[in-house]
Amino acid sequence: MSRLRVFCAAVGAATFCFWSLPAGAQSGGAANHKANPAIESATDSQKNTNEIAEAAKKLAGPAGNPECVWLGRRVVTLLWRDDLDTAFRHLDLYDRFGCPSPHIRAAFRCVIRQGHIDPKAAATLNGRVRECWLDPNRAPDQTATVAEPAGAKAPSGKPKK
């Protein structure tokens, strides 16, 4: 009886090992194809540091300070996304650090003048905010805005005035 128990336990252990090997090989292979989150985090951190250093070089005065760049770009992004409550809380911090409010207005105006942004493409919005923060007086992209043909009708069927 005791030999039967040992035999059953051995067969059960062998079966478990046999069935878990392919799953382990698959998960190990998938893990090798994924990027390491620590490396991605370090890369993003270095990218943010470089962008803030670039802003400090290009902008004179407090608008180029790291805290002003970081908070200001967040405020402009939140304003574009219509998250006004969060934007105003960030704007209070922005003002508390002595950052220039006119730069927020100019950067947001620049983002608006550039035209429509796909709401699902965060990289596009972030890039536009970064560019407008560095140069709020930049000309609108002609490729980003699509001109409406002359005499186009409104959705109601009436011609636009």
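Would you work out if region 46-134 is rounded, prolate or oblate? Take a ≥ b ≥ c from the square roots of the eigenvalues of the alpha-carbon gyration tensor; rounded if a/c is under 1.5, else prolate when a/b is larger than b/c, oblate otherwise.
Verdict is oblate for region 46-134.
Compute the distance in nm between two label points, each set 7 Å from the Cα along the Cα-to-Cβ direction, one at residue 113 and one at residue 43.
About 3.5 nm, to one decimal.
Any idea what the relative contact order of region 46-134 is, in percent, if you count C-alpha pairs under 8 Å spaced at least 6 apart?
Computed value for region 46-134: 28 percent relative contact order.
For residue 88 and residue 121, compute 0.36 nm times the residue count separating them, minus their Cα-Cα distance, and round to one decimal in nm.
9.5 nm
Each reported figure results from applying straightforward, stated rules to the coordinates on display, with no laboratory input. Keep in mind it's a predicted model, so treat the numbers as computed, not measured. Glycine gets a Cβ as well: all are built from the backbone with ideal geometry, and neighbour counts include every protein chain shown.
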